[in-house]
Amino acid sequence: MLCDIKMPKVDGIEFLEKAREINSDVPVIMISGHGNIDTAVDAVKKGAFDYISKPPDLNRLLITLRNALDKQSLVTETKVLKRKASKVQEIVGDSAPIVKIKATIDKVAPTDARVLITGENGAGKELVARWIHEKSNRNSNPIVEVNCAAIPSELIESELFGHEKGSFTSAIKQRIGKFETANGGTLFLDEIGDMSLAAQAKVLRALQEGKITRVGAEKDINVDVRVIAATNKDLLKEVEQKNFRLDLYHRLGVIIIHVPSLNDRRDDIPLLVDYFLDIIATEYGQPKKEIDKKAIEYLKNYNWTGNIRELRNVVERLIILSGKSITVDDVNTYVLP
C-alpha cells in the first residue's frame, strides 16, 4: 500500500494506524513532499515499511516495493510453518459434547489410564488422542501412531513388536517395532477394530505384563507405553461376532470417549467454518474470505457423512472457487448435491 502523508480528509499517519489495526501484514509505504526525518521516524515507528519523499526516484521505489513484497511473503511463510510445526490443532467447538470431551481430556491426560476413543471416520478421534498425549506427563516423548486397518494382518505383529533379522523371508535386517519406538510415550492404535485376533493376543500380553517379544526372538523387552486406541466400529458387536477379544476390550476401555459426528454437533459448524477459513487463507497466503450468514445456515443443514474432514474440504473448495466472499449461490453450486 502506497499512502501519502498529507491528505484532505484524514492524516496519513492516522490512516496508517487504522490500516495496521485492520491487517498488520500488508506493507505500507509512506510518501510525502513535505517530509523531514522526524516524520519518517514516526511513520516507521507506527508500522510503515518505509518512507519515500516526493517526487520518488523510480529505482528507489521499485527496490522498496520488491523488499516489501519479499517481507510479506516471509511473514506468510512463517505463519504457515508455525502452524505446521505446532504440535496439535485446536479442538474447535463449544457444544455440550465438545465441552464434555475437553473436560474429560483434562481429567484423564495426567494419568496413565488407557483410553478407547469411538466415533465415525473424520469426526476427530486422532485429535482427541493427540490432546490426551499433549496434556500428559509423557508429552516430552513421542506419540506413535499405528493405523491397524492399513497394515496387512500378516505384517501387523512385525509393525507393532518388531522382528529379528531372518525371522521371515523378507526380514533382511532387524526392525524396532512401534511399542519400542513409543517407549516412555504414547502409542495410538487407530482403527483397532480391524486388528487380527493373533495380534490382539500379543497386544493383550503387552498391556498386562508391560513386555513384548520381537518376531523371531526369544528375549522379552520391557516397555513403558501408554496405549490409546480408536475405532469407528462397535467393539461389543465385534466381540459377539468373535472378531474382537472381550478381555482386550476391557483392558483398552478404562476410559471411553465418544466423539460425536458433525451432524450431532451442528451448532459448532459456524465456529469450525471460521476456523478453517482462517487457517486455509493463511496456508494459501490470501486474505481471509467472508461467508454469508445464509450460506452458514445451508452448511448447518447439510448431511455431513464425512464429518470434520469433509467440512474442511468443503471450506477449501469454497475458498478456491468462490469470488471475493462466499455466498449461498456458491454453496448451492459447489457443495449441495
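A quick yes/no check of all residues on (1) aliphatic (A, V, I, L, M); (2) part of a helix (DSSP H, G or I); (3) modelled with pLDDT of 90 or more; (4) not assigned by TED's automatic domain parsing to the domain that holds residue 219:
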{"residue": "133", "(1), (2), (3), (4)": "no, yes, yes, no"}
{"residue": "138", "(1), (2), (3), (4)": "no, no, yes, no"}
{"residue": "150", "(1), (2), (3), (4)": "yes, no, no, no"}
{"residue": "156", "(1), (2), (3), (4)": "yes, yes, no, no"}
{"residue": "159", "(1), (2), (3), (4)": "no, yes, no, no"}
{"residue": "166", "(1), (2), (3), (4)": "no, no, no, no"}
{"residue": "170", "(1), (2), (3), (4)": "no, no, no, no"}
{"residue": "173", "(1), (2), (3), (4)": "no, no, no, no"}
{"residue": "179", "(1), (2), (3), (4)": "no, yes, yes, no"}
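For region 118-131, a residue qualifies if it is on the phi < 0 side of the Ramachandran plot and not in a helix (DSSP H, G or I), and the qualifying residues are 118, 120, 121, 123.
At least 3 residues being more than 22 Å from the chain's Cα centre (by Cα) and among the acidic types (Asp, Glu) is the threshold, and among the helices (runs of 4 or more DSSP H) wholly inside region 6-117 those reaching it are 12-22. Of all the listed residues (100, 71), the sole one being of a type in the set (Lys, Arg) and not assigned by TED's automatic domain parsing to the domain that holds residue 237 is 71. Is it the case, given these coordinates, that residue 33 is farther than 30 Å from residue 285 by Cα, assigned by TED's automatic domain parsing to the domain that holds residue 68 and modelled with pLDDT under 90? Spelling it out, residue 33 is indeed farther than 30 Å from residue 285 by Cα, assigned by TED's automatic domain parsing to the domain that holds residue 68 and modelled with pLDDT under 90.
The set of residues from region 241-267 being in contact with a strand residue (DSSP E or B) (Cβ under 7 Å, 6 or more places away or on another chain) and assigned to a helix (DSSP H, G or I) comprises just one member, 252.
The values are calculated or read from the model by the stated rules, or taken from the named source; none is laboratory data. Just so it is clear, the structure is predicted and the values come from calculations on it, not from any experiment. Counting neighbours? That spans all protein chains shown, and the Cβs are built from the backbone with ideal geometry, glycine included.
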